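Below is one structure, written out as structure tokens, with a few remarks after it.
The values are calculated or read from the model by the stated rules, or taken from the named source; none is laboratory data. These numbers were taken from a predicted model, which means no experiment stands behind them. Glycine gets a Cβ as well: all are built from the backbone with ideal geometry, and neighbour counts include every protein chain shown.
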Amino acid sequence: MGVSVNTTATQISVSVDDQKISASVAGGIGPQGPASTAAAGVSSLNALTGTLTIQAGANVTVSTGTAGLTISAPSGGASTWDDISGKPSLVYSVAGRTGTVTLTTADIGGYTAPAVLSVAGRTGAVTLTTADVGGYEAPPVTSVAGRTGAVTISTSDVTGFAAAAASAAPVQSVAGRTGAVTLTTSDIGGYVAPPVSSVAGATGTVTFTAVGLATSVSGSAVTLDATPVSATPAVISADQNNYAPGAGDILRISSSSTNTLNITGFGTATTSKHVLLVNVSTHTSSSISLKHQNASSEAAQRVVVPWAGDAVLTPNGGAVVVIRDATDSRWRVV
């Protein structure tokens with residue numbers, strides 16, 4: 001490979017031959033050449049002007065002599081030299097500076113600073129704590145029953161809950177039992193069984209048919225007469241005390257009033273010892289009420305109702321059975 005620069009009377013030749021680079025000067029080189037050839041020196045070399053200096057480097061030998069200027073290649077051979085022909089220009093400065101350059105954001109054209117430069121006075125990857133939040137106040141409760149997060153409370157989490165609940169509950173036990181309690185008559189203090197436990201062999205709410213009324217009582221069993229006597233007393237229009245409707249096993253009583261009329265007792269001489277009372281009034285407001293232990297009748301004529309309230313006979317067939325209790329001298333609704 002050879003490079004030559006020619007002027008009118010001056011020639012510099014650079015050639016690569018075997019393992020050496022040789023440079024020969026045929027005339028002066030600018031102001032550094034011989035005085036006699038200064039005017040004919042090279043005005044520029046590869047667009048560079050001034051003094052041409054060829055300096056030895058590592059493993060490079062530069063020598064001069066009558067034969068010219070000789071530059072010896074490194075020991076590795078001519079192949080270790082870089083051929084820069086056709087290669088791009090090198091970088092001579094960065095942001096107007098040479099040497100070891102450290103760039104800042106000011107060296108970057110069009111650079112825009114981020115909206116946030118620091119967090120809590122710190123930059124980089126910042127992890128915040130409550131101390132970094134101005135005016136932060138810790139919550140009044142940080143845990144519930146020793147737990148955090150979504151906490152579901154149970155009675156075991158409340159100290160003294162069982163005792164507090166027991167004292168606050170209006171009823172803590174029924175008949176000495178807790179939980180779902182089903183009462184029987186034995187759980188009711190002072191309970192007295194009714195004098196008649198069944199009617200015609202049936203218990204509960206008994207509906208009578210044409211087989212009639214009781215004509216005898218043995219213990220708590222009631223025997224019905226197959227051919228009862230039915231009677232229809234006079235219509236009543238006012239409350240009745242010591243009511244004497246007449247004899248009969250089935251008494252078809254009625255009222256002419258549009259208000260409820262009261263019967264407070266029955267006369268013993270005019271009624272059977274066991275009687276079915278049926279309200280045959282047709283007016284929807286003509287109810288007849290048997291009053292419990294009402295003092296408007298004589299003591300021996302009064303009525304005892306099991307629920308200690310009124311036994312109401314509604315119009316159009318409301319009925320009750322009344323028996324004579326000779327022991328207590330009362331009429332009892334059964």
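Quick notes on this structure:
- The one condition in (1) farther than 30 Å from V94 by Cβ; (2) loosely packed, with under 10 Cβ neighbours inside 10 Å; (3) more than 28 Å from the chain's Cα centre (by Cα) that T112 fails to fulfil: (1)
- Segment 233-268: number of residues that are within 60 Å of the chain's Cα centre (by Cα) and either closer than 17 Å to G317 by Cβ or buried (at least 19 other Cβ atoms within 10 Å of the Cβ) (or both): 1
- Exclusive hit being closer than 23 Å to N279 by Cα, part of a loop (DSSP other than H, G, I, E, B), modelled with pLDDT under 80 and not aromatic (F, W, Y), set A193, A234, A210: A210
- From the options V94, V101, V116, residue that is of a type outside the set (G, A, S), without any contact (Cβ under 8 Å) to a residue 40 or more places away in the chain and touching a strand residue (DSSP E or B) at 6+ places or on another chain (Cβ under 6 Å): V101
- I288 meets all of the listed conditions (1) closer than 24 Å to P194 by Cβ; (2) over 60 Å from the mean Cα position of the chain (by Cα) but one, namely (2).
- Condition met for A78 (at pLDDT below 85, surrounded by 10 or more Cβ atoms within 10 Å (Cβ to Cβ) and within 27 Å of the chain's Cα centre (by Cα)): no
- Pairs where the first residue, in segment 228-251, is under 18 Å from A299 (Cα atoms) and the second is β-branched (V, I, T) and modelled with pLDDT under 90, C-beta under 6 Å, 6+ apart: A244/T270
- Test: residue in segment 320-331 that is touching a Leu at 6+ places or on another chain (Cβ under 7 Å) and in a loop (DSSP other than H, G, I, E, B): no
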